[in-house]
Amino acid sequence: MLIVDTILKPDRFGGIGLFSATLLPKDSLIWIHNPIVDIAVTPEQYEALAPTFQALLDKHAYPRDYRASDGVIEYNADNARFMNHSSQPNTYQDDHCRILTARDVQPGEELTCDYLFLDPKCDLSWNKEPSANVVAPTG
């Protein structure tokens with residue numbers, strides 16, 4: 001669950017992003033797990049849901065623990081579900097499954113995370129972000 005003030009607004013790719021409402025110094029704690037807000041859904045529960053809610057989970061949920069391979073996904077019922085991927089995120093997850101800022105984050109700056117940290121098999125083919133490894137031509 002988010003523990004800092006955030007704003008939802010359009011991101012630079014035409015979707016919705018999660019933006020900081022305040023200055024967040026480096027290593028600020030912004031998210032902690034709360035089972036009331038961060039809902040674990042088993043494969044059996046997923047199958048019993050209406051297709052419209054399955055579609056919501058398909059878009060916003062992620063593997064609770066990809067190493068467990070148990071198929072349990074986690075859905076953030078707060079605005080944390082709108083945190084977008086970046087190959088150079090401004091947040092990170094610590095050893096206690098908390099999310100902190102990797103550097104100072106300015107008010108109005110989008111909060112991002114690395115989806116591959118949560119799920120190394122995540123399909124990022126949809127990602128419009130320029131690759132961090134692309135070198136601009138000179139000349």
Practice problem: Sketch the reach of a paramagnetic label on CYS97 as a point 7 Å from Cα along Cα-to-Cβ, and name the residues of region 23-40 whose backbone nitrogen lies under 20 Å away. | Solution: 29-40
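Apply 1/(1 + (r/R0)^6) to the Cβ-Cβ distance of LYS26 and CYS122, taking R0 = 22 Å, and write down the FRET efficiency to the nearest 0.05. Walk me through the numbers before you get to the answer.
Working: r = 26 Å, r/R0 = 1.18.
Calculated value: 0.25.
When a/c reaches 1.5 or more, the comparison of a/b and b/c decides; with that in mind, is region 58-121 rounded, prolate or oblate per its Cα gyration tensor?
Details: a/c = 2.04, a/b = 1.62, b/c = 1.26.
Because a/c hits 1.5 or more and a/b exceeds b/c, region 58-121 counts as prolate.
Sort the following peptides by mean Cβ neighbour count (other Cβ atoms within 10 Å, averaged over residues), highest first: 23-33, 73-83, 58-68.
Values: 23-33: 15.5, 73-83: 18.5, 58-68: 13.9.
Highest-to-lowest ranking by the protection proxy: 73-83, 23-33, 58-68.
Rolling a 1.4 angstrom probe over the protein heavy atoms, how many square angstrom per residue are accessible across the chain?
Per-residue value: 62 Å².
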Exercise. Please report, as a whole percent, how much of the solvent-accessible surface of the chain comes from carbon and sulfur atoms (probe radius 1.4 Å).
Key: 57
Self-check item: Rough spin-label spacing in nm, given labels placed 7 Å along Cα→Cβ, for ARG12 and ASP58
Solution: 2.9
Quiz item: Roughly how tilted is helix 51-60, in degrees to the nearest 10 and between 0 and 90, from the longest Cα axis of the chain?
Solution: 40
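Ignoring everything except DSSP H segments at least 4 long, calculate the 222 nm mean residue ellipticity for the chain; use -39,500 (n - 2.57) per segment, divide by total residues, nearest 500. It would help to have the intermediate numbers written out before the result.
Working: 3 runs with 20 residues, N = 139.
After summing the helix terms and dividing by the residues of the chain, the value is -3500 deg cm²/dmol.
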Quiz item: In the chain, what % of DSSP beta bridges are antiparallel (nearest 5)?
Solution: 90
Exercise. Take the alpha carbon gyration tensor of region 14-59, find the square roots of its eigenvalues, order them as a ≥ b ≥ c, and report rounded if a/c is under 1.5; if not, report prolate when a/b exceeds b/c, else oblate.
Key: oblate
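The values are calculated or read from the model by the stated rules, or taken from the named source; none is laboratory data. Fair warning: this is a prediction, and the values are worked out from it, not measured in the lab. Neighbour counts run over all protein chains shown; Cβ positions are idealised from the backbone, glycine included. Accessible surface areas use protein heavy atoms only, side chains included; no ligands, DNA or RNA. Shrake-Rupley method; radii C 1.70, N 1.55, O 1.52, S 1.80 Å.
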